[in-house]
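Asker: Just dropping this structure here.
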Amino acid sequence: DASVAVILPAAGSGQRFGDQSNKLFAPLAGRPLWTHAAETLLRRDEVSCLWLAVSPGDREQLEEQAAMLSRPDKIHFVNGGAERSDSVAAALDAVAQAAEASIQWVAVHDAARPLLRAEDVSSVLACAAHTRAAILATPVTGTLKRGARDQSACQTLDRRGIWVAQTPQVFSLDLLRQAYASHRGRPATDDAELVERTGHPVALVAGAADNLKITYPEDLAVAEALLQSRTH
Ligand code: CTP
Ligand code: MG
């Protein structure tokens, strides 16, 4: 039952990370950052293919690195776009055109989230199988303030019921295509937002809080320490 297509948006430029090359190439535990989650997803029997949305300039290097993973036969490349949602849209078109009849589900996962746990993948896939739309998320832990123009705290927000969205975000192929078809061009910060706009509910699945996205250089040191603590 290889019914899941994975989309790995990897076509960003890592502005906030601020390295010469894409942050996705930065070494984490001795191998390129992006390969960690890719490997976790490739190893699953439900995953029939993994589409990397890439920048043309990164493609050759990514292809070389992909060839060293456990299931390079499952990996495909497509050129990404200017915004993350453009990159996902391009990969989604490619998945649909490849027309593997077995594919029922699409799991979109940031290439920049290397610490993804296999058990969380299981949870979000299982939930999506019932709801057609499910994302990993964690309840907000901090105290939330609304800042005024002068940056003074003008309101303390009630954090009950507030979640931080993560990835993977898993949808039925039909539902995600419908969401992208009706909202193409309008900016969205994640894929779930587009599905929410169709009126279809998106289930929140509580995942590990350490499924962090590498955004700033400091995040890499944190990720390295978290990976070490898992194996020792
Ligand atoms: N991404 C993408 N296409 C884009 C922009 C982002 O595929 N046009 C991908 C990134 O490669 C990353 C994921 O979406 O894996 C999450 O984006 P983010 O963390 O913001 O990465 P960057 O956009 O590369 O970083 P920055 O915003 O700091 O430039
Ligand atoms: Mg970005």
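The values are calculated or read from the model by the stated rules, or taken from the named source; none is laboratory data. Since the model is a prediction, treat every value here as computed from it, not as a measurement. Positions of Cβ are generated from backbone atoms using ideal geometry, with glycine treated the same way; all protein chains shown enter the neighbour counts. Each accessible area value is taken on the protein alone, full model and side chains, heavy atoms only, with ligands, DNA and RNA left out. Shrake-Rupley method; radii C 1.70, N 1.55, O 1.52, S 1.80 Å.
Asker: If I go through region 70-95 residue by residue, how many of them are free of Cβ contacts under 8 Å to residues at least 24 places away in the same chain and of a type in the set (G, A, S)? Explain how you work it out, then say what you get.
Answerer: Step one: of region 70-95, the residues free of Cβ contacts under 8 Å to residues at least 24 places away in the same chain are 72-73, 82, 86, 93.
Filter again for of a type in the set (G, A, S), leaving 82.
So the answer is 1.
Asker: Ok, one more. Limited to region 146-177, what total is found for residues that are β-branched (V, I, T), open to solvent by less than 80 Å² (accessible area, probe 1.4 Å) and in a strand (DSSP E or B)?
Answerer: So the answer is 3.
Asker: Open to solvent by less than 20 Å² (accessible area, probe 1.4 Å) and within 26 Å of D174 (Cβ to Cβ): is that true of A89 in this structure?
Answerer: Yes, satisfied.
Asker: Which one of these is without any contact (Cβ under 8 Å) to a residue 12 or more places away in the chain, among the aliphatic types (A, V, I, L, M) and more than 16 Å from ligand 1 (Cβ to nearest atom): A67, A29, A98? Break it down stepwise before answering.
Answerer: Working: A29 fails: without any contact (Cβ under 8 Å) to a residue 12 or more places away in the chain; A98 fails: without any contact (Cβ under 8 Å) to a residue 12 or more places away in the chain.
Only one candidate qualifies: A67.
Table: residues versus (1) among the polar types (S, T, N, Q); (2) within 16 Å of ligand 2 (Cβ to nearest atom); (3) touching a residue at least 24 places away in the same chain (Cβ under 8 Å).
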| position | (1), (2), (3) |
| --- | --- |
| L8 | no, yes, yes |
| N22 | yes, yes, yes |
| D45 | no, no, yes |
| R59 | no, no, no |
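Asker: Follow-up question, since we're still on this one. Can S102 be described as surrounded by fewer than 18 Cβ atoms within 10 Å (Cβ to Cβ) and small (G, A, S)?
Answerer: Spelling it out, S102 is indeed surrounded by fewer than 18 Cβ atoms within 10 Å (Cβ to Cβ) and small (G, A, S).
Asker: Every residue in region 95-122 that is outside any loop (DSSP other than H, G, I, E, B), within 18 Å of D191 (Cα to Cα) and among the small types (G, A, S), please.
Answerer: A96, A107
Asker: Do we have any residue at all in region 53-65 that's surrounded by fewer than 22 Cβ atoms within 10 Å (Cβ to Cβ) and under 18 Å from the mean Cα position of the chain (by Cα)?
Answerer: Within region 53-65, one or more residues are surrounded by fewer than 22 Cβ atoms within 10 Å (Cβ to Cβ) and under 18 Å from the mean Cα position of the chain (by Cα).
Asker: Quick test for you: out of L92, L69, L8, pick the one residue that is outside any strand (DSSP E or B), aliphatic (A, V, I, L, M) and under 28 Å from E218 (Cβ atoms).
Answerer: Checking each option against the conditions leaves just L69.
Asker: Another question about this same structure. Considering only residues that are open to solvent by less than 50 Å² (accessible area, probe 1.4 Å) and touching a strand residue (DSSP E or B) at 6+ places or on another chain (Cβ under 6 Å), which ones fall in region 66-86? If you could, list the steps in order and put the result at the bottom.
Answerer: At the first step, the residues of region 66-86 found to be open to solvent by less than 50 Å² (accessible area, probe 1.4 Å) are 66, 69, 74-75, 77-78, 80-81, 85.
Of everything in region 66-86, those that are open to solvent by less than 50 Å² (accessible area, probe 1.4 Å) and touching a strand residue (DSSP E or B) at 6+ places or on another chain (Cβ under 6 Å) turn out to be A66, K74, I75, F77, V78, G80.
Asker: When you go through Q178, Q166 one by one, which is the residue that is over 26 Å from R43 (Cβ atoms) and at pLDDT 95 or above? Before the answer, list the steps.
Answerer: Details: Q166 fails: over 26 Å from R43 (Cβ atoms).
So the residue among Q178, Q166 that is over 26 Å from R43 (Cβ atoms) and at pLDDT 95 or above is Q178.
Asker: So, in region 7-23, how many residues would count as being within 11 Å of ligand 1 (Cβ to nearest atom), at negative phi and more than 13 Å from the chain's Cα centre (by Cα)?
Answerer: Taking region 7-23 and keeping what is within 11 Å of ligand 1 (Cβ to nearest atom), we get 7-19, 22-23.
With the extra rule that they be at negative phi, the set shrinks to 7-13, 15-17, 19, 22-23.
Remaining after also requiring more than 13 Å from the chain's Cα centre (by Cα): 13, 15-17, 19, 22-23.
Result for region 7-23: 7.
Asker: Only residues that are within 16 Å of ligand 2 (Cβ to nearest atom) and either part of a strand (DSSP E or B) or buried (at least 21 other Cβ atoms within 10 Å of the Cβ) (or both): list them for region 24-43, please.
Answerer: Answer for region 24-43, where residues must be within 16 Å of ligand 2 (Cβ to nearest atom) and either part of a strand (DSSP E or B) or buried (at least 21 other Cβ atoms within 10 Å of the Cβ) (or both): L24, L33, W34.
Asker: For the structure I just gave you, tell me whether S182 is of a type in the set (S, T, Y) and without any contact (Cβ under 8 Å) to a residue 60 or more places away in the chain.
Answerer: Values: of a type in the set (S, T, Y): yes; without any contact (Cβ under 8 Å) to a residue 60 or more places away in the chain: yes.
Yes; evaluated as a whole, the condition is true for this residue.
Asker: For region 178-232, give me each residue that is within 27 Å of L33 (Cβ to Cβ), assigned to a loop (DSSP other than H, G, I, E, B) and either open to solvent by 70 Å² or more (accessible area, probe 1.4 Å) or within 16 Å of ligand 2 (Cβ to nearest atom) (or both).
Answerer: Matches in region 178-232: P187, A188, T189, D190, A209, L212, K213, I214, T215, Y216, H232.
Residue by residue, here is whether (1) in contact with a Leu (Cβ under 6 Å, 6 or more places away or on another chain); (2) of a type in the set (A, V, I, L, M, F, W, C) holds:
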residue: R31; (1), (2): no, no
residue: A37; (1), (2): yes, yes
residue: R43; (1), (2): no, no
residue: V54; (1), (2): yes, yes
residue: G57; (1), (2): no, no
residue: Q61; (1), (2): no, no
residue: A67; (1), (2): no, yes
residue: F77; (1), (2): yes, yes
